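The values are calculated or read from the model by the stated rules, or taken from the named source; none is laboratory data. The model shown is predicted, which means the values in this text are computed figures rather than measured ones. Positions of Cβ are backbone-derived with ideal geometry, glycine not excepted, and every protein chain shown enters the neighbour counts. The accessibility values were calculated without ligands, DNA or RNA, using every heavy atom of the protein model including side chains. Shrake-Rupley method; radii C 1.70, N 1.55, O 1.52, S 1.80 Å.
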Amino acid sequence: MIPSTSGTGADVSQFCIITDTTRHVKVTIMGRALVPDISITDPRLLVTMPEWLNAATGLDALTHGIEAFVSRAHNALADVHALNAVGLVNQHLVQTMRAPDDPEARTGMAEAALAAGLAFTNAILGATHAMSHQVGGLLDAPHGVINGILLPHVIRYNAASSPDRFVALARSAGIPVDGLPADEVAEALADQVRALADEVGVPRSLRSLGITEEHLGVLAQNSLEDACLTTNPRPTDAEDIERIFRAAL
């Protein structure tokens, strides 16, 4: 497999996502047989992406890194890849938007996507992806764009019960953390994720994609069935998910 985007991690992942166009949901399939035998990363291919896809897949890589690091299944090997991915996205994504032919920035984002893929295929993900899959299944909207909208809200939700893991993530993202309480650091990380999404042109609300209050109950119930929710660091029920969706409206 040779990726032509810098975000999905499909070239090193044991996951694939199937869209059920009858029920309007996305279903996660997991298995080692899905991992390609050979993966080749060539940053030069990334210049073929349109701007919106570059932004979306970049934010997907960022979400992979953050969710893998705080996952219940996190481990020492995945942690290294997750932190590396978060740092690389924050360093290079905006530059790939400003100067699409910049080889250093493209290489950085190619490495970020690869590292993020290696992280989440070994540590799985969390509520952002469980929820994003359902919005994507309903609207056929770009996955990374939905992640960019949801991720700050999920960071705040998870950090409310266990903020400590977000300190290392914030440090990798370039946020000053020394001497600050973990909950303040997590809030700063959520703010920075939203600022990055703003800078690359991702909307702030699910409503702008077509989601309304009437969708939230079904989306919350469907999210409970997504495999990614099992490794979210905070125990989560349908009411919790619906509150996060409502905050992101």
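Tabulated data
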quantity	calculated
Apportionment of accessible area to carbon and sulfur, the stretch 103-249, percent (1.4 Å)	53
Among Ala123, Ala182, Ala85, residue whose mean-square fluctuation peaks in a GNM of the chain (springs only between Cα atoms under 10 Å)	Ala182
Accessible area per residue in Å² at 1.4 Å probe, computed on the chain	43
Euclidean distance of C-alpha centroids, the stretch 28-54 and the stretch 1-24, integer Å	8
Peptides 63-70, 192-199, 97-104 ordered by average Cβ neighbours within 10 Å, highest first	63-70, 192-199, 97-104
Portion, in percent, of the accessible area of the stretch 41-92 that falls on carbon or sulfur, probe 1.4 Å	60
Mean shadow area of the stretch 125-219, taken as a quarter of the surface of its Cα convex hull (nm²)	6.4
Largest-first ellipsoid semi-axes for the stretch 1-83, taking √(5λ) over the Cα gyration tensor eigenvalues, angstrom	20, 19, 15
Relative contact order (percent, whole number), the stretch 117-249, Cα cutoff 8 Å, 6+ residue spacing	36
Coarse-grained scattering of the stretch 78-156 at q = 0.12 Å⁻¹, given as base-10 log I(q)/I(0) from a Debye sum over alpha-carbon atoms	-0.40
Sum of -39500 (n - 2.57) over DSSP H runs of 4+, divided by residues of the chain (222 nm, nearest 500)	-19000 deg cm²/dmol
Cα gyration tensor category, rounded, prolate or oblate, for the chain with a/c compared to 1.5	rounded
Shape call, the stretch 195-235: gyration tensor on alpha carbons, a/c limit 1.5	oblate
